[in-house]
Amino acid sequence: MLFENNLKLLRMCGRSVCEGLLIQRAHKHKTAQLSEKKLSRYFVDHRRVKVVAGSGGDGASTFHSEPWKEWGGPDGGNGGAGGDIIIRVDRQVKSLSSVSTVYRGKDGEAGSSKNRFGRNASPTYITVPLGTIVKEEGAMLADLSLHDQLYTVAYGGAGGKGNRFFLSNENRAPLTATPGEKGQERVVQLELRTMAHAALVGFPNAGKSSLLRAISNARPAVAAYPFTTLKPHVGIVQYRDHQQVAVADIPGLIPGAHLNRGLGVSFLRHIERCRVLLYVLDMSSAEPWEQFQQLCFELDQYKPHLSHRPHAIVANKMDLPEARQNLEALRSRVHQTVIPVSALSGENTGELILHIRTMYDSYPRDSSQS
Ligand SMILES: Nc1nc2c(ncn2[C@@H]2O[C@H](COP(=O)(O)OP(=O)(O)OP(=O)(O)O)[C@@H](O)[C@H]2O)c(=O)[nH]1
Ligand SMILES: [Mg+2]
């Protein structure tokens, strides 16, 4: 029935069925492309934010007066406190793209006559993803690693005092009322660091995304050109005892990444959070051990000793003939554990999954924060 209706519609527009199908397909293709583009464009992992908390309301200077009580005394109420600016963690949020560059808190209400106090302003919330770090001039203010965690980044100003507050035996008719204080103002940097237990680190095209697809539930795009992955993906490896280990696919590094070449330092910081590192090498390349040394160099240039984190080498693309020849040469040149795998055929990925678990169990969380 639906098909017949569509057919009628197409005939009315003067298009053939075949044309109609082509239009549909082109439309589908376009939307798929757009969403990919959107995804990479809207993944934001750092933001500079100016926060200005609300000012306190002014205190009032008024005197009570009614027909039979002309000098009723001071009755100016205090002002309400200005609204704080609070950063709140939401694990549903995945990037800092929805964070604005300026936040201004609400001002407290002014006090008024008849001893009426101004209302305190409600706080303003900035919602950020799990794993956000708050910095000010390079110094860390907060490391937000719990769902629903709150951090008050700017305090609202206190409300001013009304003249009633200044009433005393010495001064029965004070005129003084103080203005509300200004809210705190500061400029902070928000940085998102992927929170995963293990990181897949490697040059573009080494097969990191293919590996993540092979061992976890994540489905990052795979393609035969460099820089396919433009944002970190986190996949969960499930074990029989229900333990879950999060593995992150970090976008490809290149020589000079620490000098901001390629995708630059923006993704090196995601590695910092991970407990263990898995260096993924393309074993079909000429000298894979060179790749390993360069990766370590880039990591250490970014942060001294970062490459020394508990790690292993994943020798990928072992299904290719040249990879088999390189394997022994690699083993003779490095002292680290080498796990030969093929992300394409799935060969030996079981050993990799077990090794990730052994490393995860051997290294407590705190060792990665050093
Ligand atoms: N033969 C073979 N090809 C592989 C293997 N793993 C990945 N590839 C191919 O290598 C190419 C790159 O794979 P990706 O998984 O996109 O590589 P990546 O490291 O994520 O690359 P970037 O996202 O650009 O950093 C793709 O064409 C894959 O099909 C493997 O084990 N064997
Ligand atoms: Mg990739």
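What follows draws every value from the coordinates through simple rules; no lab data is involved. Bear in mind that the values here come from a model prediction, so they are computed numbers and not experimental data. Every residue, glycine among them, receives a Cβ derived from its backbone with ideal geometry; neighbour counts consider all protein chains shown.
If R0 is taken as 45 Å, the Cβ-Cβ distance between Ala173 and Ser122 corresponds to a FRET efficiency of 0.80.
Taking label positions 7 Å along the Cα-Cβ direction at both Ser65 and Gln325, the computed distance is 10.3 nm, reported to one decimal.
Using the Cβ-Cβ distance between Leu344 and Ser95 with R0 = 22 Å, the FRET efficiency computed as 1/(1 + (r/R0)^6) comes to roughly 0.15. Extension gain for His335-Tyr239 works out to 31.7 nm (0.36 nm per residue, less the C-alpha to C-alpha distance). For Lys50, the aspartates and glutamates whose Cα comes closer than 16 Å to its Cα, not counting residues fewer than 8 places off in the same chain, are Asp84, Glu136, Glu137, Glu185, Glu191. Working from label points 7 Å from Cα in the Cα-to-Cβ sense, the Lys114 to Leu141 distance is 4.0 nm. By the rule of a C-alpha distance below 12 Å, with chain neighbours fewer than 8 residues away ignored, the aspartates and glutamates paired with Lys94 are Asp45. Ordering of 63-74, 343-354, 303-314 by packing is 303-314, 343-354, 63-74, highest average first (other Cβ atoms within 10 Å, averaged per residue).
Here, P(r) means the percent of Cα pairs in each 10 Å bin from 0 to the largest distance; for the range 45-192 it is 14, 31, 22, 15, 12, 6, 1. Projected label points at Ser362 and Ile254, each 7 Å from Cα along the beta carbon direction, are separated by 3.4 nanometres.
According to the Kirkwood relation over distinct C-alpha pairs, the hydrodynamic radius of the range 198-369 is 15.9 Å. With 0.36 nm allotted per residue and the present C-alpha distance subtracted, the His46-Lys182 stretch has 46.2 nm of extension available.
Averaged over residues, the count of other Cβ atoms within 10 Å places the peptides 52-60, 128-136, 181-189 in the sequence 52-60, 128-136, 181-189, highest first. Its residue count N fixes a reference of 2.2 N^0.38 Å for the range 98-161, and the Cα radius of gyration divided by that reference is 1.49. Listed peptides 173-180, 248-255 appear in the order 248-255, 173-180 once ranked by packing, highest mean of other Cβ atoms within 10 Å at the front.
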